[in-house]
Amino acid sequence: MTFLPITVAVLVAGGVYLLLQPGMVRIIFGITLLSHAANVVLLAAGVSAWRAEPLDTHAGDEVADPLPMAFVLTAIVITLAVTVLMLAMARLGGDDDTYRIPDSGEERHA
Amino acid sequence: MTLVWLLVALAAVPVLVVPLTGAIGRRTGWVVAVAYVAIAAAMVPTARDVLHGDPVSTTYEWVPTLGVSFSLRLDGLGLVFLTIVLLIGAAVMAYSAEYLSPKRQLGFYLWMTTFALGMAGLVLADDLVLLFLCWEITSLASFLLIANAGSGGEAGAGRTMLMTFIGGLALLVAVSVTIVATGTTSLSEVLASDVWSDQGPLTVTVAVLVAIAGFTKAAQFPFHPWLPDAMAAATPVSAYLHAAAVVKAGIYLMLRWSEAFHDVAVWNVLLVCTGLFTAAMAGLFALTQTDLKKLMAYSTVSQLGLITAAIGIGTPKALTAAVVHTIAHALFKSGLFMMVGVIDHGAGTRDIRRLPALRRAMPWSFATVIVGTAAMAGVPPFLGFVSKELLLGSMLTATGPTWAGWAAFLGLDGGAVLTFAYCAKILFGAFVDGERDLDDTVHEPGWALLLPAMLPIWAGLPLGLAAGVLHEPVDTAVQAMVHHEAYELSLWHGITPELIGTIVIISIGTVLVLNRLPLRPRLERSLLPFSGSGAIDGSVRLAHRFGGFLARTVGVDHPARHVVPPLVVLTLVLGVGSAGSLALGDVPATVDDLWRPIDAALLLLVTLGVLGVVLSQSRLAATVFLGGVGIAVTVQLFALGAPDVGLTQLMVEMLTVIVIMLVLRSLPTTFAHRTMGRRKGPMVLAVAVGVAAGLGTWVLTGRRGIAEPGRYFIDEGYEETGAHNLVNVILVEFRALDTLGELTVLGFAGLAIVAVLASVPQSARRAAAEPPRLRPMGDLDDPRAAHALEDAVGNLRPLQLLLRLLLPALVVVSAVIFWRGHNDPGGGFIAALIGSSAVALVYLGRADDRPVGPHRLHVGLVAGGVLLATLTGLLGYLEGDAPTYLAPLYTYLGSVHLTTSMIFDVGVYAAVLGLVMIAFDKLGNAEQMPDEDDAPLEPAGPANPREEERA
């Protein structure tokens, strides 16, 4: 019995739904949710039974696996970078509709 | 001079050209000409060895694991081509110094000399890989030289590129197949190899591929259209590349491989048929041209066809003819191209219809063109006559049935009649038949222009009279190909079929010339309803349309369509895979005690938050819900025993929300509305992917003990590094290279924002920068209340007061967190994010949108951070036991444990801070774009060099 997979499922479902919406901001929100999901999956891969902080190594068998944590930390900061970059794109042209080219407003997909 | 020094000298020329053109502009050509003549003179002793039958070779190891070596070899054949490259090159360079417009002309000289280097490398290469590389250098330089002509040359340059790269690919395949089949990359070994003797499928394949490669460069049908296209290039380019060098690269390749293929039937038939057809076709097209330069281009195609046919015959006499005609053609054609430039210069046009009869105004040019065209037409006593006789005679030596030889003889004779006719057209069109009146502006240009053009043409006269001089070099060249003596060269061979052929050519030609005036209007029109370059453009358009069709199926410009196929695949693999493993029952049981009660509470919060993000139509509301989800996930991270990760997530969450708010100011308040029908599809897919992801997580995690690497870090981490915080140690020591990569991604994301925003025109940004007016209370009746809401300065006073205390505190906290990172939760990332939050507060505390910190500080931080982290890695090489990149060094200062990974962490800190500052500066000032932001990437100093060049 564990709740983490359900959390992952909820985050992924929400993220994918937003990813399929028109509009850059919703796509960015979707990617943020997907990143959360990915991070939880990575930590779950370290087995969530042991949850002692990997600071005091004398805690013995209860210490959580530090390697997935390092991965997740890296992932979080990269998510920040990617999110900020995509937000910059979203702001171009005054509308974030991904169905239009910002400058000319020309309809791309009938 | 050894071969390596030859290449070094030739490589030094393009390098010297850069400062030289800056100093003396177009006159650089004289220096380059002198250099080429000097290099050629220095090669004389080596050349003498080669002529005595001792090919010179040298080898250096290059890629030993692949057996590729830097091998050079100069034999008789290479010597002929090398001489052409250097001497014709010198003449053309001297001509360019006067011909080109008085500008710097860096592009021209740089690519011309690079081309000469590539060409010399090609004829010297004794390694297949090196041969291919040099082949591509000549292709690229040729493309650049045509494109250098400006907008007029672009389309032609593109088509040239396409054609020559088809040949390049064919050569690449041929070279690869050959290397695999023979097990060596040495060209001389490959050519002498006995794998070709059985004439099986391998031989046929390679022979056809080499022929295709040769055809593309030597402009043989159906690859010929690029050469007339390339006439957009400057005349010296045509004189060098399109008469003497680049087209001769194709001829060289075919001659070189003759050693292996001269008796392969496919090779013989393919080359002879293509060559003769091309000669006749291009000869006819040449007659339809009125632009002298285009006419010259078709005539080149035609002459190359004759040489190709001779190579196809493959007998010693035919190869002798091919080599001699290559020499003769290089001389008269490069000269004639230059003469077209002289005519253009003197009369202001090179179109026959607009030229006056120039013979009186330009007598020297007239005489020179007479000699040049007579040589091309095969009139005695020029070298062109000797080679044309040889070509004719060699057709009869063809292997196979007698009729084949006679057919080839007649075909070539027909081609030669056309040659005679268009030679006459050049001469009479430019100098005799012109209907316009000569005006005073038409003049003979100076000797500086005329002499380099005359030299190669007049050289054909003594060489023709004393053709025996050429016997030794031609003989060594032919020996290099077929190990057989060359045919004797002389003006007079007695009454032979070829002499009768020549008499026929001259007689029919003369009849045609006498009737030229009525014939011309019939010919000067397009003979075909389509053109070669049109056909290429058509196929390119077709390829574009096909590519567009392929792209539509994955929707690269359509995010939703773009991600659906991967998501469906993911769902199937993960969902079906997990369900399958469960059903088969070979999954280990889960570990006990995987959950805590708080997980359930957090799941509830996350679910509510996600529903909120998905359902809200207001961007603001969605952002609030997104922040909520972020906080719930952060708590979940803490609950999983990951304090570093949790802290990072918390800081990132806050900063992300602030940046989102900045961006939302310039966007509509609500999301675009969609009808229910269009939401169903995404909803179904979203649920499916969610279920698959959840199922996968459940099946694939929590079913084993702690992993080996994790165990290692927990058990040995402290002993190895002297640090308690394992996550931090993994980031900056064990897996520091990962972090360095991450840092770079981070920095480049920041630079990309700066660059992208700089590329959007100011007007577009201003149009976009009309933020919706956010009025939380709706329109207020009381003007004082409305004013109070919008009074930014007054509203911010409390925050500014708070900042006076908060800022120093944040700086201190940031420093402490940085310092303690080794043993307690903290480190460069978290500290930088705390520093970033100080930046965010400073920004929010200001009433107007102004950049935080000095101009371009953020870019400096990113660059400095990445640079510092990268350089710190080098310190790792000082490590005593195992010097590797990024290996940490330790020391103690008193009782304080110090490590180089802390310097690395400073780099991390700077890069993260720089990225956040970029985000605030670039996304924050939507309403007022300071003028200095117009071109943030360009130096603030005087003029931008690129601008200067464009001007």
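The values are calculated or read from the model by the stated rules, or taken from the named source; none is laboratory data. A quick note: this is a predicted structure, and the numbers were derived from the prediction, not measured. Every residue, glycine as well, gets a Cβ built from its backbone with ideal geometry; the counts of neighbours run over all protein chains shown.
Give me the residue from region B:528-548 that is assigned to a helix (DSSP H, G or I) and at pLDDT below 85 and, out of that set, farthest from B:Ala155 (Cα to Cα).
Here is the first cut: in region B:528-548, the ones assigned to a helix (DSSP H, G or I) are B:532-548.
Filter again for at pLDDT below 85, leaving B:532-537, B:548.
Working: B:Gly532: 13, B:Ser533: 9, B:Gly534: 11, B:Ala535: 13, B:Ile536: 11, B:Asp537: 9, B:Gly548: 21 Å.
Going through the qualifying residues, I end up with B:Gly548.
Just checking, does region A:83-94 include any residue being more than 21 Å from B:Phe748 (Cβ to Cβ), modelled with pLDDT under 80, surrounded by fewer than 24 Cβ atoms within 10 Å (Cβ to Cβ) and not β-branched (Val, Ile, Thr)? The answer is yes, given that some residue of region A:83-94 is more than 21 Å from B:Phe748 (Cβ to Cβ), modelled with pLDDT under 80, surrounded by fewer than 24 Cβ atoms within 10 Å (Cβ to Cβ) and not β-branched (Val, Ile, Thr). Here the condition is being surrounded by 24 or more Cβ atoms within 10 Å (Cβ to Cβ) and out of contact with any Gly (no Cβ under 7 Å at 6 or more places or on another chain); of B:Ala239, B:Ala213, it holds for B:Ala239 alone. Would it be correct to say that B:Leu737 is surrounded by fewer than 24 Cβ atoms within 10 Å (Cβ to Cβ), part of a helix (DSSP H, G or I) and either without any contact (Cβ under 8 Å) to a residue 12 or more places away in the chain or touching a Phe, Trp or Tyr at 6+ places or on another chain (Cβ under 8 Å) (or both)? Yes, satisfied. Within region B:873-915, the set of residues being without any contact (Cβ under 8 Å) to a residue 24 or more places away in the chain and small (Gly, Ala, Ser) comprises B:Gly880, B:Ala882, B:Ala887, B:Gly894, B:Ser895.
Output the residue which, of all residues in region B:407-454 that are among the aromatic types (Phe, Trp, Tyr) and surrounded by fewer than 20 Cβ atoms within 10 Å (Cβ to Cβ), is farthest from B:Gly89 (Cα to Cα). The selected residue is B:Phe428. The listed residues are B:Arg711, B:Arg679, and the only one of them that is of a type in the set (Lys, Arg), more than 7 Å from chain A (Cβ to nearest Cβ), under 28 Å from B:Val591 (Cβ atoms) and surrounded by fewer than 18 Cβ atoms within 10 Å (Cβ to Cβ) turns out to be B:Arg711.
Listed conditions (1) among the polar types (S, T, N, Q); (2) part of a loop (DSSP other than H, G, I, E, B); (3) in contact with a helix residue (DSSP H, G or I) (Cβ under 7 Å, 6 or more places away or on another chain) are all met by B:Thr320, apart from (2). As a summary of the residue check, A:Met24 satisfies the conditions (1) in contact (Cβ under 8 Å) with a residue 60 or more places away in the chain; (2) facing another protein chain (nearest Cβ under 7 Å); (3) at negative phi; (4) not charged (D, E, K, R) except for the one numbered (2).
Is it the case, given these coordinates, that B:Ala767 is modelled with pLDDT under 90, within 10 Å of chain A (Cβ to nearest Cβ) and surrounded by 12 or more Cβ atoms within 10 Å (Cβ to Cβ)? Criteria met by B:Ala767.
If the condition is being exposed (fewer than 10 other Cβ atoms within 10 Å of the Cβ) and either part of a strand (DSSP E or B) or modelled with pLDDT of 75 or more (or both), then region B:893-902 contributes B:Leu893, B:Val896. Every condition in (1) more than 20 Å from B:Asp921 (Cβ to Cβ); (2) more than 7 Å from chain A (Cβ to nearest Cβ); (3) at pLDDT 75 or above holds for B:Glu742 except the one numbered (2). Among the conditions (1) crowded, with 22+ Cβ neighbours inside 10 Å; (2) at pLDDT 85 or above; (3) facing chain B (nearest Cβ under 7 Å); (4) under 24 Å from B:Leu915 (Cβ atoms), A:Leu67 misses just one, which is (4). Can you say whether B:Gly630 is small (Gly, Ala, Ser) and out of contact with any Ser or Thr (no Cβ under 8 Å at 6 or more places or on another chain), as far as the supplied structure shows? Against the criterion (small (Gly, Ala, Ser) and out of contact with any Ser or Thr (no Cβ under 8 Å at 6 or more places or on another chain)), B:Gly630 does not qualify.
Whether a residue is of a type in the set (Ser, Thr, Tyr) and crowded, with 23+ Cβ neighbours inside 10 Å was assessed, and B:Thr290 does not pass this test.
When residues in region B:527-562 are screened for being in contact with a Ser or Thr (Cβ under 7 Å, 6 or more places away or on another chain) and either over 26 Å from B:Pro225 (Cβ atoms) or surrounded by fewer than 10 Cβ atoms within 10 Å (Cβ to Cβ) (or both), 1 of them pass.
List the helices (runs of 4 or more DSSP H) that sit entirely inside region B:1-92 and contain at least 1 residues that are aromatic (Phe, Trp, Tyr) and touching a residue at least 40 places away in the same chain (Cβ under 8 Å). Walk me through it before giving the result.
On the way: elements: B:3-24, B:28-42, B:44-51.
The helices (runs of 4 or more DSSP H) meeting that bar are B:28-42.
Go through (1) part of a loop (DSSP other than H, G, I, E, B); (2) at pLDDT 85 or above; (3) acidic (Asp, Glu) one by one and return the number of the condition B:Glu189 breaks. Here B:Glu189 meets the rest and fails (1). Comparison of B:Trp595, B:Trp698 shows that the only residue that is of a type outside the set (A, V, I, L, M), without any contact (Cβ under 8 Å) to a residue 60 or more places away in the chain and at the interface with chain A (Cβ under 8 Å from one of its Cβ atoms) is B:Trp595.
The test for being within 7 Å of chain B (Cβ to nearest Cβ), at pLDDT below 90 and either within 29 Å of B:Ala919 (Cβ to Cβ) or crowded, with 22+ Cβ neighbours inside 10 Å (or both) does not hold for A:Ala49. Do we have any residue at all in region B:421-441 that's closer than 18 Å to B:Ile500 by Cα and among the aromatic types (Phe, Trp, Tyr)? There is no residue in region B:421-441 that is closer than 18 Å to B:Ile500 by Cα and among the aromatic types (Phe, Trp, Tyr). Residue selection: B:Gln636 fails the criterion of being within 9 Å of another protein chain (Cβ to nearest Cβ), within 45 Å of the chain's Cα centre (by Cα) and either crowded, with 17+ Cβ neighbours inside 10 Å or free of Cβ contacts under 8 Å to residues at least 12 places away in the same chain (or both). For region B:124-159, the candidate set comprises residues that are among the β-branched types (Val, Ile, Thr) and either in contact with a Cys (Cβ under 8 Å, 6 or more places away or on another chain) or closer than 17 Å to B:Val13 by Cβ (or both); within that set, the residue that is surrounded by the fewest Cβ atoms within 10 Å (Cβ to Cβ) is B:Ile137. Could you tell me which numbered condition B:Val556 fails, if it satisfies all but one of (1) assigned to a helix (DSSP H, G or I); (2) more than 9 Å from chain A (Cβ to nearest Cβ); (3) at pLDDT below 90; (4) closer than 20 Å to A:Val82 by Cβ? For B:Val556, the exception is condition (1).
Take the conditions (1) surrounded by fewer than 22 Cβ atoms within 10 Å (Cβ to Cβ); (2) of a type in the set (Ser, Thr, Tyr); (3) at the interface with chain A (Cβ under 8 Å from one of its Cβ atoms); B:Thr656 misses just one of them, which is (1).
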